[in-house]
């Protein structure tokens, strides 16, 4: 049986691990070839380590094990030139582009808004907002060139549709992604290129499974994973503490597939009812 | 193997249009179907409504997929009759995992009358309430979770619909469905029962593609303009709404609840 994105090519940022790797695998399982990039460096101020070359190599291994092709390289979404080269090289090898998953994102300093460091603010906006714009700007010419329409999925966050204390830079960048999505959806509709955003609640990845994030949710220093799970579950309607990367990937896959051929301009929460509470 | 193998789905308004498409699409993914339809006319509705023959055709198409289907004529305005139909369906096919509250009318006419308001609120809002009310207790009692999708509209998110009792009532009812969805999503979340709405733009069904509706839209050019989609497509097909419902009720969306999901070719975003 043909996969749901058979014969298509997807460009995914932040693909070395976490949600990005999961997206690469889920799309590959359904027949897509993958252009994967990742920063592969530690991020200043982040309470967790950045992905490594070994992580990206593991994504490559897992995609190839599915008998799909993958072109993977190190690239920084803040650097448009480098990102463009990566996607241009990928399209040269894989022949086309149909899907963009702008997934790369960071979580850094947690502090009251007036105490955030200026460089922390700027790096957050550069990565989580400008990086998303760069990703689209680099990939879009290739989708347009195909003349077959396409699907662009921007990863925002629950923090893209509601406020959270002590992470104003993150909340602002993720809200900005929604503005970018809404504008692109209008601009690209005549070309049958669809643009949507997804809004995960807490996802079980390194970006949230760290002590700084535990403390952010519990409001006290030195919180345990169990205390975080309880605090996280308290803001999610369904009886779960967080969702898994594959749950976000299943939303990405649906939005990328022809099953959603008339879905565009939509902010789609995958949040266990987080937004309800 | 289908993504809904072994499940049972309760679908209202299943005789034709979107409801038939939902029944067939859910059956293609392995679900058995309890199909309800009024299969009769409501006086204020200016286009021909479904018939018993339509409901029989839905049954034929589901059975051709080698799935089981229980059909019953019932009016979503009549909670007791709906409960009886639901219970009889469950007795035959087993407990329900999925609810598609799809039944709806569009009593927009060129000779407006107050009764349109009464009827559209009764079918499109109270009927949806009844549909969840008759199904949810058994889903809670069974304790294995489930998924409910309420069919709203782009008129559930924006103030379109026209200035007639039927048009205003349609918009009010479809907005009300969002309130029902959010309240039920909160109430049912502890039982792992998810509740979401879909918001179609114009769909290629007899409710939209009929002479009266076309006259109604043409009588107000501003409204015709306001109804234009962003993507280059005039009407979407029933299967596009069905595909959204299949995704929402499947395990692929196991943590999606409380969501308003437009399937609207970019209509809401463009406004």
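Could you list, in sequence order, the residues of region A:261-277 that are over 15 Å from residue A:155 (Cβ atoms) and either in contact with a strand residue (DSSP E or B) (Cβ under 8 Å, 6 or more places away or on another chain) or within 7 Å of chain B (Cβ to nearest Cβ) (or both)?
Of everything in region A:261-277, those that are over 15 Å from residue A:155 (Cβ atoms) and either in contact with a strand residue (DSSP E or B) (Cβ under 8 Å, 6 or more places away or on another chain) or within 7 Å of chain B (Cβ to nearest Cβ) (or both) turn out to be A:261, A:262, A:263, A:264, A:265, A:272, A:273, A:275, A:276.
Looking at B:125, B:157, B:150, which one is touching a residue at least 40 places away in the same chain (Cβ under 8 Å) and within 14 Å of chain A (Cβ to nearest Cβ)?
B:157
Which one of these is surrounded by fewer than 16 Cβ atoms within 10 Å (Cβ to Cβ), within 23 Å of residue A:130 (Cα to Cα) and without any contact (Cβ under 8 Å) to a residue 60 or more places away in the chain: A:179, A:147?
Only one candidate qualifies: A:179.
Just one of B:89, B:104, B:127 is surrounded by 20 or more Cβ atoms within 10 Å (Cβ to Cβ) and within 21 Å of residue B:204 (Cα to Cα); which is it?
Every option except B:104 fails the conditions.
Across region B:180-232, what is the total count of residues that are part of a helix (DSSP H, G or I) and either within 13 Å of chain A (Cβ to nearest Cβ) or surrounded by 14 or more Cβ atoms within 10 Å (Cβ to Cβ) (or both)?
18
Taking region A:243-260 on its own, how many of its residues are surrounded by fewer than 24 Cβ atoms within 10 Å (Cβ to Cβ), more than 8 Å from chain B (Cβ to nearest Cβ) and either in a helix (DSSP H, G or I) or at positive phi (or both)?
Count: 3.
Out of (1) more than 16 Å from the chain's Cα centre (by Cα); (2) more than 25 Å from residue A:206 (Cα to Cα); (3) not in a helix (DSSP H, G or I), what's the single condition that is false for residue A:151?
(1)
Is it fair to say residue B:168 is touching a strand residue (DSSP E or B) at 6+ places or on another chain (Cβ under 9 Å), in a helix (DSSP H, G or I), under 24 Å from residue B:121 (Cα atoms) and more than 9 Å from chain A (Cβ to nearest Cβ)?
no
Quick one: residue A:186 ticks every box in (1) in contact with a helix residue (DSSP H, G or I) (Cβ under 8 Å, 6 or more places away or on another chain); (2) surrounded by 18 or more Cβ atoms within 10 Å (Cβ to Cβ); (3) facing chain B (nearest Cβ under 7 Å) bar one, so which box is it?
Answer for residue A:186: the failing condition is (2).
Mind listing whichever residues of region A:261-277 are crowded, with 24+ Cβ neighbours inside 10 Å and part of a helix (DSSP H, G or I)?
Within region A:261-277, A:274 is the sole residue that qualifies.
When you check residue A:197 against the structure, is it modelled with pLDDT of 95 or more and either under 21 Å from residue B:200 (Cβ atoms) or over 14 Å from the mean Cα position of the chain (by Cα) (or both), yes or no?
In short, yes.
I'm trying to understand the selection: among the residues of region B:16-41, which are assigned to a loop (DSSP other than H, G, I, E, B) and within 18 Å of residue B:83 (Cα to Cα)?
B:38, B:39
Would you tally the residues in region B:233-249 being more than 17 Å from the chain's Cα centre (by Cα) and at the interface with chain A (Cβ under 9 Å from one of its Cβ atoms)?
The total comes to 1.
Could you tell me whether any residue of region B:253-265 is more than 8 Å from chain A (Cβ to nearest Cβ) and free of Cβ contacts under 8 Å to residues at least 24 places away in the same chain?
no
The values are calculated or read from the model by the stated rules, or taken from the named source; none is laboratory data. Just so we're clear, the structure is a prediction, and the values are computed from it rather than from any experiment. In this analysis, Cβ positions are derived from the backbone assuming ideal geometry, glycine residues included, and neighbour counts consider all displayed protein chains.
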